Amino acid sequence: MDPYNTKEAVLQLGVINPEMDEIFKNNPPLDLSSFPPEVLFEGSVMHEKAISELYSRHATQEILMSIPMRDGHESEIRVIQPNAQPNTPLVVLIYGGGFFSGTNLQLLPWAIATAALYGVTVVLPSYRLAPQHKFPVAHNDIWDSVKWIATNASSFGSDLSKGFVIGGSSAGGNLAIVTAHRAMRENLSPSLTGVVAIVPPCLDEQNANSPVCNAKDIELWTSWWEPDFQSVDFSPLNSDISLAGMPPTYLQVDGMDTLRDDGLIYEKLLRDHGIATRLDVYPGMPHAHWMWPEHSLSTKSHIDPLSGIGWLLGQELEREEVERLWNTAPLTNDSIPH
């Protein structure tokens with residue numbers, strides 16, 4: 001039974017979590033709309049680099065390379081591999097940041113944990129950002145990257161017949177679901193076998209009461225990015241090609257997120273089309289609530305998608321095993337991916 005099939009149940013998700021309410025009272029969130037895009041980007045670069053340096057590598061190795069885009073641009077990817085494990089499945093993880101900030105270091109802690117837990121290769125692609133690069137440059141960059149990976153994965157020891165998963169967080173979640181639908185439409189070979197969509201936008205904004213990534217923020221950020229909300233490059237829901245045939249999908253939704261209803265509606269539509277889904281919902285929590293590590297649900301929002309990736313790979317582990325590795329990943333207690 002769908003626990004979010006009534007208006008009342010969905011609205012209840014937007015009631016702020018008491019612990020989160022106390023955190024915001026003591027440390028109100030910044031008004032991000034007051035910062036120019038270059039400041040937000042530079043902040044993300046510094047933060048993500050600092051965080052990446054705090055994490056244990058857990059018997060993995062990293063390769064940095066550049067791959068060609070359709071217009072001749074060279075895009076950087078990071079390849080995280082488990083040591084001495086050939087012919088691995090492969091997972092692509094795409095960072096978020098409103099399409100104007102973020103780097104491929106952002107999800108490095110998740111990439112390391114995924115490689116170590118499941119013996120898979122993880123690729124962290126890049127994409128060009130607004131305001132210099134408008135919609136759909138980011139989507140084309142990720143599509144070009146995934147096509148390159150599909151063709152060249154064997155060169156870094158992956159066997160995509162064992163699993164080929166794409167995922168991302170926030171803007172990266174949008175890029176993941178759009179790319180997965182495009183892969184189905186254009187018969188990507190090998191085909192994708194799973195999708196991870198963490199707090200993804202896939203509709204015009206819904207819940208305007210969020211204290212983080214709110215309607216004011218989104219209006220400004222979309223003015224930098226200039227998306228076409230009716231384009232299939234923005235959402236598979238704009239396509240005349242059915243969702244039937246999409247890969248199994250893991251989704252994460254924050255109850256007080258401006259993007260809450262995007263995730264809930266998309267998950268329901270996938271189920272209605274016969275697609276296997278797994279959904280984790282965090283009532284009363286703002287967008288990307290793992291950015292507040294002092295909250296008791298922060299660690300849970302890391303463990304859940306790592307477990308979801310295992311489900312998609314057919315390698316589900318005991319939750320305690322996932323928690324044990326994640327809890328020993330940071331070299332300091334205050335390090336988390338942003």
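The values are calculated or read from the model by the stated rules, or taken from the named source; none is laboratory data. What you are looking at is a predicted structure, and each value in this text was computed from that prediction instead of being measured. Every residue, glycine among them, receives a Cβ derived from its backbone with ideal geometry; neighbour counts consider all protein chains shown.
Worth pointing out:
- Just one of the listed residues (Asp272, Asp257, Asp280, Asp261) is charged (D, E, K, R), at pLDDT 95 or above and farther than 18 Å from Ala180 by Cα, namely Asp280.
- Residues (in contact (Cβ under 8 Å) with a residue 60 or more places away in the chain, in a loop (DSSP other than H, G, I, E, B) and not aromatic (Phe, Trp, Tyr)) located in segment 287-298: His287, Ala288, Glu294, His295, Ser296
- Strands (runs of 3 or more DSSP E) wholly inside segment 190-286 containing at least 3 residues that are over 16 Å from Asn174 (Cβ atoms) and not hydroxyl-bearing (Ser, Thr, Tyr): 277-282
- Scanning segment 129-167 for residues that are in contact with a Phe, Trp or Tyr (Cβ under 7 Å, 6 or more places away or on another chain) and either closer than 25 Å to Asp304 by Cβ or surrounded by fewer than 18 Cβ atoms within 10 Å (Cβ to Cβ) (or both) gives Pro131, Lys134, Ile142.
- All positions within segment 168-210 that are among the small types (Gly, Ala, Ser), closer than 21 Å to Ile67 by Cβ and buried (at least 22 other Cβ atoms within 10 Å of the Cβ): Gly168, Ala171, Gly172, Ala176, Ala180, Ala183
- Filtered residues of segment 119-128 (kept if crowded, with 23+ Cβ neighbours inside 10 Å and over 16 Å from the mean Cα position of the chain (by Cα)): Val120, Thr121
- Selected residue (only one of Ile149, Ile177 is in contact with a Gly (Cβ under 9 Å, 6 or more places away or on another chain) and either part of a helix (DSSP H, G or I) or within 22 Å of Ile112 (Cα to Cα) (or both)): Ile177
- Filter result for Ser189 (among the polar types (S, T, N, Q) and either touching an Asp or Glu at 6+ places or on another chain (Cβ under 6 Å) or in contact (Cβ under 8 Å) with a residue 12 or more places away in the chain (or both)): yes
- Meets criteria (among the hydroxyl-bearing types (Ser, Thr, Tyr) and within 30 Å of Arg324 (Cβ to Cβ)) for Thr121: yes
- Residue within segment 52-72 that is under 26 Å from Leu312 (Cα atoms) and among the β-branched types (Val, Ile, Thr) present: yes
- Failed item, numbered, when Val122 is tested on (1) of a type in the set (A, V, I, L, M, F, W, C); (2) part of a helix (DSSP H, G or I); (3) touching a Ser or Thr at 6+ places or on another chain (Cβ under 7 Å): (2)
- Qualifying residue in segment 163-174 (condition: part of a helix (DSSP H, G or I), within 17 Å of Ile142 (Cα to Cα) and touching a strand residue (DSSP E or B) at 6+ places or on another chain (Cβ under 6 Å)): yes
- Residue match in segment 305-313 (condition: surrounded by fewer than 20 Cβ atoms within 10 Å (Cβ to Cβ) and either among the hydroxyl-bearing types (Ser, Thr, Tyr) or out of contact with any Lys or Arg (no Cβ under 8 Å at 6 or more places or on another chain) (or both)): no
- Some residue of segment 284-296 being surrounded by 16 or more Cβ atoms within 10 Å (Cβ to Cβ) and in contact with a Cys (Cβ under 7 Å, 6 or more places away or on another chain): yes
- Residues of segment 217-268 that turn out to be in contact with a Cys (Cβ under 9 Å, 6 or more places away or on another chain) and either surrounded by 21 or more Cβ atoms within 10 Å (Cβ to Cβ) or in contact (Cβ under 8 Å) with a residue 60 or more places away in the chain (or both), as a count: 11
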